[in-house]
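A quick write-up on the structure given underneath.
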Amino acid sequence: KPMGKIEDLKGKKFGFLTVLAFAYRDKKHTYWLCKCNCGNTKVIRGSHLKEGNTISCGCYTKNRMAQINKANSTHGLSNTRLYRIYHGIIGRCLKPKTNGYKNYGNKGISICNEWLDDFQNFYYWAINNGYKEGLTIERIDLHRGYEPENCRWITLKQQARHTSRNKMITYRGKTHCVAEWAEILKINYNTLQSRLEKYGWSVKKSFTTPVSKH
């Protein structure tokens, strides 16, 4: 099939994948037949190969997670809140089916190998850097991943104000973020956020409707 202006990837290697042949193209993307080091073949989008989003047929992530789970099952801390936080980080960075992956792993946000390889490294960093019950982890630079130099512990209220998805709302001549309005109006933050985002209420309705006690 004529390649035209398509960049020929045949024979090139991306991670554990070697491109065998051009497969097809749609209106926006090209797709290539690739062979993984494990022996499996799979058709993969060209941009995913070139950008490093796909480096294997799926076996690498599967085997990697199996190794991590095995290593982290021996520390005796799997019932702690810190482990649940840690597990959540891994999920949104590495597991495509996890809620939140599209805003983290899919956008290149990763977890450093120091933490990924051993939960106890994350645990000791947390204990020695201000972790307390009720605090949540925050990345200082939202363009970088989860690593010791780029993370800190803050309150849920602070995180709500710092999030990249924070929304500024002007009402009756005053402008605040959702977390600040929740505090001013004495409405639970999650309730106010749901009214605005989940249910699509207007600002006036969201701000003035009494909260049910039930």
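The values are calculated or read from the model by the stated rules, or taken from the named source; none is laboratory data. Model, not experiment: these values are computed from the prediction. Heads up, the Cβs are rebuilt from the backbone with ideal geometry, glycines too, and the neighbour counts pull from every protein chain shown. Accessible surface areas use protein heavy atoms only, side chains included; no ligands, DNA or RNA. Shrake-Rupley method; radii C 1.70, N 1.55, O 1.52, S 1.80 Å.
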Q: May I ask you to derive the FRET efficiency for Met168 and Asn106 from their Cβ-Cβ distance with R0 = 30 Å, giving the value to the nearest 0.05?
A: 0.70
Q) Do the alpha carbons of any pairs in Lys42/Lys107; Lys13/Lys42; Lys102/Lys205; Lys10/Lys50 sit beyond 20 Å of each other, and which pairs? A) Lys42/Lys107; Lys102/Lys205
**Q.** For the range 164-204: span of alpha carbons on each principal axis (Å, largest first)
**A.** 24, 24, 17
Q: Please report, as a whole percent, how much of the solvent-accessible surface of the range 82-214 comes from carbon and sulfur atoms (probe radius 1.4 Å).
A: 48 percent
(Q) With a 1.4 Å probe and all protein chains left in place, how much of the accessible area of the range 1-43 comes from carbon and sulfur atoms, in whole percent? (A) 53 percent
Q | Placed amide H near Cys151: partners under 5 Å, 5+ positions off or other chain | A | Ile140
(Q) So, taking all protein chains as they sit and a 1.4 Å probe, how much accessible area belongs to Lys107, in Å² rounded to tens? (A) 140 Å²
Q: Over every pair of different alpha-carbon atoms in the range 1-61, take the mean of 1/r and invert it; report that Kirkwood radius in Å.
A: 11.5 Å
